[in-house]
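Read through the structure below, which is laid out as structure tokens, and then see the notes.
The values are calculated or read from the model by the stated rules, or taken from the named source; none is laboratory data. What you see is a predicted model, and the numbers here were worked out from it, not measured in a lab. Heads up, the Cβs are rebuilt from the backbone with ideal geometry, glycines too, and the neighbour counts pull from every protein chain shown.
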Amino acid sequence: MSSLAEVFVVLAALYAYECCAWVPRSALTLRAWASALLRARPSDVVGSPVAGGVALQPLPWFGKSAARVAAAQAELELRQAELESARSNARRELRDQWDRQSQATAEWHRRERELEPKARELAERASEAARSGQLPWTEAHAAREAAQEAMLALIESRRRARSASVDLRGALVRR
């Protein structure tokens with residue numbers, strides 16, 4: 001036999017081994033090989049005549065390779081399911097955070113509506129008392145400053161609540 005014929009004999013033996021290697025293996029390999037054969041269409045074998053004649057498409061996986069492909073597909077599906085689960089959990093957590101932030105903002109607004117008239121009333125009474133001379137100037141000035149600080153605190157809390165809700169809303173939209 002010539003050396004070229006020996007090479008072809010070795011390649012044929014190797015291919016036959018690969019083709020028969022699935023027999024003693026698990027049913028997963030057999031199922032993957034059978035499903036690949038069932039999905040094969042005549043156009044996969046002969047190619048598209050429109051594309052310029054007969055060009056062979058890759059054959060379905062045989063032997064040990066079929067098990068590797070089936071395992072890789074199962075692993076890929078598992079990873080995709082895990083990724084979708086992580087995305088879903090992240091969206092749920094973001095929604096929960098949004099709800100908590102909305103509740104906190106609503107609480108700030110409620111408290112602000114309660115305190116704003118009181119702070120204005122306190123500032124007006126302090127101004128009236130200072131004008132009428134009922135309070136010494138230092139006490140009236142201190143009361144007015146306290147009222148102004150309360151108003152500034154309310155304004156600052158309103159600003160923080162709005163910026164936090166805008167930040168959270170932007171994060172929710174990006175998701």
If you check Val23, Val45, which single one turns out to be over 30 Å from Ile155 (Cβ atoms), at pLDDT below 60 and part of a helix (DSSP H, G or I)? Val45
Count - residues of region 116-175 that are loosely packed, with under 11 Cβ neighbours inside 10 Å, of a type in the set (D, E, K, R), modelled with pLDDT of 70 or more and closer than 30 Å to Leu94 by Cβ: 2
